[in-house]
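> Got a structure for you, questions after.
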Amino acid sequence: MKYQANESGYYGEFGGAFIPEMLYPNTEELRLNYLRIMEEPSFKKEFDQLLKDYVGRPTPLYYANRLSEKYNTKIYLKREDLCHTGAHKVNNTIGQILMAKKLGKNRIIAETGAGQHGVATATVCALMGIPCVVYMGEIDIQRQAPNVARMKMLGAEVRPALSGSRTLKDATNEAIRDWINNPVDTHYIIGSVVGPHPYPDMVAKFQSVISAEIKTQLLEKEGTENPDYVVACVGGGSNAAGAYYHYLEDPEVGIIAVEAAGRGIDSGESAATSALGKVGIIHGSKTLLMQTSDGQITEPYSISAGLDYPGVGPMHAHLYRSGRGEFISITDDEAMQAGLLVSKLEGIIPAIESSHAFAIFKNRKFKPEDIVVVNLSGRGDKDLQTYIDYFEL
Ligand SMILES: *Cc1c(COP(=O)(O)O)cnc(C)c1O
């Protein structure tokens with residue numbers, strides 16, 4: 001297994017758990033129990049049942065006829081946009097809320113930037129009747145009013161992070177502080193394949209249902225489980241990790257990761273972590289991250305809130321460094337145009353994050369017989385105002 005986490009949570013040179021000593025008991029309890037719990041039949045049964053009846057899985061694998069015609073290759077869309085709450089994030093929060101219950105935790109905390117992970121967390125806490133505190137930067141609370149309202153309707157308490165730049169990294173600091181103070185009763189739900197071991201591996205495993213379904217569905221449609229390429233956008237990297245998971249060790253399946261170049265890689269306003277990042281430690285994990293020469297984290301920028309993250313999960317840092325993955329960065333403008341094109345050709349309005357993945361087809365050529373699966377990570381409803389402003393609709 002060259003591309004999965006080893007026992008210490010390393011993907012090649014990346015990963016691990018670089019945490020303050022006071023956090024050690026919390027992550028240690030999780031590390032010692034997560035694999036065993038995920039293997040328990042009662043856990044599996046409840047997880048599968050909720051994915052089916054609550055999330056609406058399996059999500060369709062849809063042959064995008066007009067898009068395929070336009071780019072002269074065979075394009076399939078994995079429809080994570082049809083998940084309850086509108087994106088893949090809920091696969092992970094369902095898994096983690098069940099994990100929390102098995103560990104005897106009766107309180108949930110989370111951090112959120114744009115609010116999507118906060119909503120997915122508040123949703124499963126409502127489902128299970130467990131109190132939920134979501135930390136969110138004060139600036140983000142102002143910028144993301146609809147998601148704040150959603151979290152409140154779902155019964156969560158949204159606590160503003162007032163320090164630093166008052167955005168995601170400050171919310172993360174607050175959540176970690178809370179967890180240190182409440183080690184016994186609280187579980188911290190992290191929203192992507194980031195953070196200290198075992199989070200990247202645990203979240204990747206919860207999201208791996210995506211590629212498990214692709215295999216079955218593609219076998220039915222094409223007589224093979226393996227596409228030629230799997231394409232996904234990468235913020236922290238959870239939808240991508242899920243879409244790649246069962247193909248990681250299969251060299252004939254090409255892995256394409258799409259990052260947000262923002263206003264351009266060299267513009268100073270970008271979130272293309274593999275291109276711009278250097279090895280460092282963020283949120284307890286050794287990975288690639290955007291930083292100044294003295295190691296301070298650089299503020300990332302992307303038009304899409306979900307890709308606006310200065311690091312990338314350790315799995316993806318390893319896929320990049322080892323050459324297993326092909327990394328492409330896409331600007332705001334390219335993503336917006338691709339989102340409009342998919343809307344007009346397929347009747348599907350993608351989340352702007354997912355639009356980045358569609359934008360590769362303009363320059364990256366595929367053979368007519370290639371089977372290319374694009375993970376459509378979420379729907380565009382949440383981004384309507386951004387599309388309206390951009391295209392003056
Ligand atoms: C949050 C989000 C992403 C980015 O997160 P990953 O962990 O990289 O998947 C991508 N697409 C959508 C729709 C999102 O909501």
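The values are calculated or read from the model by the stated rules, or taken from the named source; none is laboratory data. Remember, predicted model here, so these are calculated numbers, not experimental data. Methodologically, a virtual Cβ is constructed for each residue, glycine included, from the backbone with ideal geometry; neighbour enumeration extends over all protein chains shown.
> Would you call Met128 away from the ligand (no atom under 15 Å from the Cβ) and more than 20 Å from Asn239 (Cβ to Cβ)?
yes
> Say we look at segment 90-136 and pick out the residues that are small (Gly, Ala, Ser) and outside any loop (DSSP other than H, G, I, E, B); which of these is surrounded by the most Cβ atoms within 10 Å (Cβ to Cβ)?
Gly118
> Determine whether segment 252-265 contains at least one residue that is crowded, with 24+ Cβ neighbours inside 10 Å, free of Cβ contacts under 8 Å to residues at least 60 places away in the same chain and outside the structural domain of Gln144 (by TED's automatic domain parsing).
No, that holds for no residue.
> Given Val209, Val258, which one is within 15 Å of the ligand (Cβ to nearest atom), among the hydrophobic types (A, V, I, L, M, F, W, C) and over 24 Å from Glu13 (Cα atoms)?
Val209
> Looking at Asp294, Asp228 in this structure, which one is more than 11 Å from the ligand (Cβ to nearest atom) and surrounded by fewer than 16 Cβ atoms within 10 Å (Cβ to Cβ)?
Just a single option satisfies the conditions, and that option is Asp294.
> Out of the residues in segment 261-291 that are touching a Ser or Thr at 6+ places or on another chain (Cβ under 7 Å) and farther than 24 Å from Thr386 by Cβ, which is farthest from the ligand (Cβ to nearest atom)?
Looking at the filtered set, the residue picked out is Gln291.
> Taking Leu345 and the conditions (1) assigned to a helix (DSSP H, G or I); (2) within 13 Å of the ligand (Cβ to nearest atom), which numbered condition does it fall short on, given that it satisfies the others?
Every condition holds for Leu345 apart from (2).
> Right, next: Mind listing whichever residues of segment 145-175 are modelled with pLDDT under 95 and β-branched (Val, Ile, Thr)?
If the condition is that a residue be modelled with pLDDT under 95 and β-branched (Val, Ile, Thr), then Thr167, Thr172 are the ones that fit.
> Please state which of the following conditions Gly223 fails to meet, knowing it meets all the rest: (1) assigned by TED's automatic domain parsing to the domain that holds Pro350; (2) at positive phi; (3) touching a residue at least 40 places away in the same chain (Cβ under 8 Å).
Answer for Gly223: the failing condition is (3).
> Could you list, in sequence order, all residues of segment 342-393 that are buried (at least 17 other Cβ atoms within 10 Å of the Cβ) and among the polar types (S, T, N, Q)?
Ser354, Ser355, Asn375, Ser377, Thr386
> Here is a follow-up. If I ask for residues that are surrounded by 15 or more Cβ atoms within 10 Å (Cβ to Cβ), touching a residue at least 24 places away in the same chain (Cβ under 8 Å) and of a type in the set (Phe, Trp, Tyr), which ones from segment 40-65 would you list?
Scanning segment 40-65 gives Phe43, Phe47, Tyr54.
> Still on this model: Tally the residues that are within 20 Å of Ala120 (Cβ to Cβ), more than 9 Å from the ligand (Cβ to nearest atom) and either of a type in the set (A, V, I, L, M) or part of a loop (DSSP other than H, G, I, E, B) (or both), restricting the search to segment 358-393.
1
> Additional query: Which count do you get for residues in segment 70-116 that are away from the ligand (no atom under 15 Å from the Cβ), closer than 21 Å to Ser192 by Cβ and either among the hydroxyl-bearing types (Ser, Thr, Tyr) or free of Cβ contacts under 8 Å to residues at least 12 places away in the same chain (or both)?
0
> Since Glu353 meets every condition but one in (1) touching a Leu at 6+ places or on another chain (Cβ under 7 Å); (2) within 14 Å of the ligand (Cβ to nearest atom); (3) free of Cβ contacts under 8 Å to residues at least 40 places away in the same chain; (4) not polar (S, T, N, Q), which condition does it not meet?
For Glu353, the failing item is (3).
> Only residues that are without any contact (Cβ under 8 Å) to a residue 60 or more places away in the chain and under 11 Å from Gly115 (Cβ atoms): list them for segment 140-151, please.
Across segment 140-151, the qualifying residues are Asp140, Ile141, Arg143, Ala145, Val148, Ala149, Arg150, Met151.
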